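> Before we start, here is the structure in question, set down as structure tokens.
The values are calculated or read from the model by the stated rules, or taken from the named source; none is laboratory data. All values reported here derive from a predicted model rather than from experimental measurement. Cβ: placed from backbone, ideal geometry, glycine included. Neighbour counts: every protein chain shown.
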Amino acid sequence: METMTWQNWAGTASADPVRRAWPRSTEEIANAITAAATDGLTVRALGSGHSFTPAAATSGVALDLSGWAGVIAADLDSGLITVRSGTTIRDLNAVLDTLGLAMANLGDIDAQTLSGAISTGTHGTGAGLGGIATQVTGLELVLGDGSVVSCSAKERPDLFSAACVSVGALGVLSTVTLQCVPAFTLAADERPMPLGEVLDKFGEFAAGNDHFEFYWFPYGKNALVKRNNRISRGAGAPTDPPPMPGWRRFLEYEVMENAAFGALCRTGRAMPSTIKPLNRFAAATLSKRIYSAPSHEVFVTPRRVRFVESEYAVPRESLLDVLAELRAGVARLAHPVMFPVEVRVAAADDIWLSTAHGRDSAYVAIHQYVGLPYAGYFKLFESIATSVGGRPHWGKMHTRDAAYLGQVYPRFADFLRVRDETDPGRRFANPYLTQVFGD
Ligand SMILES: Cc1cc2nc3c(=O)[nH]c(=O)nc-3n(C[C@H](O)[C@H](O)[C@H](O)COP(=O)(O)OP(=O)(O)OC[C@H]3O[C@@H](n4cnc5c(N)ncnc54)[C@H](O)[C@@H]3O)c2cc1C
């Protein structure tokens, strides 16, 4: 008999739903919701379980949407693509490849469902670009009473502004329409640089590159700087960097970033006194990589070493202060940190609960190898990030509640109003939503 227990990727959340349903149409989603209502049960949609927060956890009915996947409609002239809500980003990228289209920006991995990614405000990097939800132009949603509603900037605009990033609080997304762009090639430039230099040039790097980010090992002197830029005239021009051969990609990303790094992490976990030297070693062995590839191959890298993560969006102008405080605080932690800090950027947008709502943002993500103590580190980081009005990623670990979030999101009350209208009976409630949105 299949176990009902659900667990997320990081092992930080688990739940025992009363039952699971595997809907394969919008009608079946609606039927599963009304059946839950009849039995007095709550409902949560499951994505790929890649949130670190218990956002998808339920003790009621878990809707597994893995059988409700694929592209429904594609308009090659406009680039508008409508997909079923359980589609993963990986599968979508494969279809977009065949259509000569691409998503304008992506995060680090492609295992997430599109619905899970947009519902938590998943983002990549790019000072002039928004997160994945900013690429959404229309949504179809099944509400708590089983009714099906569509929304876009023109049709029920308030619902649309609320539903683009909603942590699944308003209903179950059945389809998502995205604005895609013509397929493009990225020239990738990844190289180690002294952290001081990266911080000095932070504004210049953010403004001067389509996609800029850096990783910093907390005890190392170097940061790994990634600058990815669109090759506008198409791939293959003589001045373009060459593609990375398959064997080198395997060596760089599978062996160095996953197998070898995983071995370092295991050593550090077994012997915590080695963590600081191993961390410095990892930072010192960072190497330069310059190549070009289709956009999603550059955006996405395999992540096989398990970790826990917290991430805050902070006003871009606060970033250097936040990092200076974090650097000073990390040196005093009781338990050392094995994983790097990741810094990314995004443009202001107008989605009500987008972490970049109304302000150009910098994202600071901190990680710890799974099984190593992290509470002190995450608490330190949270106190620094919240002192500048930081907004936690909806899918990454934090302890903020509705009272705090109401202060940092100007449209929070509007979101709660739409929640009251669309889900007055709280069919989609779970403890995480009660924490972040209240009862
Ligand atoms: C290794 C790793 C790398 C990551 N990299 C990034 C990154 O680069 N950038 C970034 O921003 N984040 C990143 N994340 C976080 C991740 O993108 C988000 O947590 C995302 O929500 C995961 O999507 P999912 O499909 O796994 O959704 P889940 O975690 O399963 O669900 C997330 C939320 O969406 C809701 N949901 C899912 N489907 C629906 C639906 N059809 N209708 C309504 N609600 C729905 C769920 O109920 C839940 O509340 C990463 C996470 C991991 C583990």
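> Kindly indicate the residue of segment 18-40 that is over 19 Å from Ile72 (Cα atoms) and polar (S, T, N, Q) and also surrounded by the fewest Cβ atoms within 10 Å (Cβ to Cβ) among those meeting that condition.
Residue satisfying both the conditions and the ranking: Thr38.
> A further question follows. Among the residues in segment 407-422, are any out of contact with any His (no Cβ under 6 Å at 6 or more places or on another chain), among the basic types (Lys, Arg) and farther than 16 Å from Ala55 by Cβ?
Yes - at least one qualifying residue is present in segment 407-422.
> Only residues that are within 16 Å of the ligand (Cβ to nearest atom) and either loosely packed, with under 15 Cβ neighbours inside 10 Å or β-branched (Val, Ile, Thr) (or both): list them for segment 398-437, please.
Correct list: Val418, Thr422, Pro431, Thr434, Val436.
> Could you check Ile231 against (1) modelled with pLDDT of 85 or more; (2) of a type outside the set (D, E, K, R); (3) closer than 29 Å to Gly329 by Cβ and say which number it fails?
The single condition Ile231 does not satisfy is (3).
> Taking into account only those residues within segment 92-121 that are under 21 Å from Ser174 (Cα atoms) and more than 15 Å from the chain's Cα centre (by Cα), which is nearest to the ligand (Cβ to nearest atom)?
Result: Leu92.
> Please specify each residue of segment 384-397 satisfying the condition of being of a type in the set (A, V, I, L, M, F, W, C) and within 11 Å of the ligand (Cβ to nearest atom).
Answer for segment 384-397, where residues must be of a type in the set (A, V, I, L, M, F, W, C) and within 11 Å of the ligand (Cβ to nearest atom): Trp394, Met397.
> In this structure, does Arg249 turn out to be modelled with pLDDT under 85, of a type in the set (Lys, Arg) and surrounded by fewer than 19 Cβ atoms within 10 Å (Cβ to Cβ)?
Answer is yes for this residue.
> Let me ask you something else. For segment 43-66, how many residues are farther than 23 Å from Gly121 by Cα and either near the ligand (Cβ under 8 Å from one of its atoms) or β-branched (Val, Ile, Thr) (or both)?
Narrowing segment 43-66 to residues farther than 23 Å from Gly121 by Cα: 59-61.
Filter once more, keeping what is either near the ligand (Cβ under 8 Å from one of its atoms) or β-branched (Val, Ile, Thr) (or both): 61.
Of the residues in segment 43-66, 1 are farther than 23 Å from Gly121 by Cα and either near the ligand (Cβ under 8 Å from one of its atoms) or β-branched (Val, Ile, Thr) (or both).
> Right, something else. Inside segment 139-178, can you point out the residues that are surrounded by fewer than 24 Cβ atoms within 10 Å (Cβ to Cβ), polar (S, T, N, Q) and under 23 Å from the mean Cα position of the chain (by Cα)?
Listed by number, the residues that qualify are Ser152, Ser161, Thr175, Thr177.
> Would you pick out the residues in segment 369-380 that are in a helix (DSSP H, G or I) and more than 16 Å from the ligand (Cβ to nearest atom)?
Ala375, Gly376, Tyr377, Lys379, Leu380
> Give the residue, chosen from Gly124, Gly146, Gly168, that is on the phi > 0 side of the Ramachandran plot, near the ligand (Cβ under 9 Å from one of its atoms) and of a type in the set (Gly, Ala, Ser).
Details: Gly124 fails: on the phi > 0 side of the Ramachandran plot; Gly146 fails: near the ligand (Cβ under 9 Å from one of its atoms).
Answer to the selection: Gly168.
> Find the strands (runs of 3 or more DSSP E) located wholly in segment 42-107 whose residues include 2 or more that are more than 22 Å from Asp16 (Cβ to Cβ), and list them.
Those strands (runs of 3 or more DSSP E) span 71-75, 80-84.
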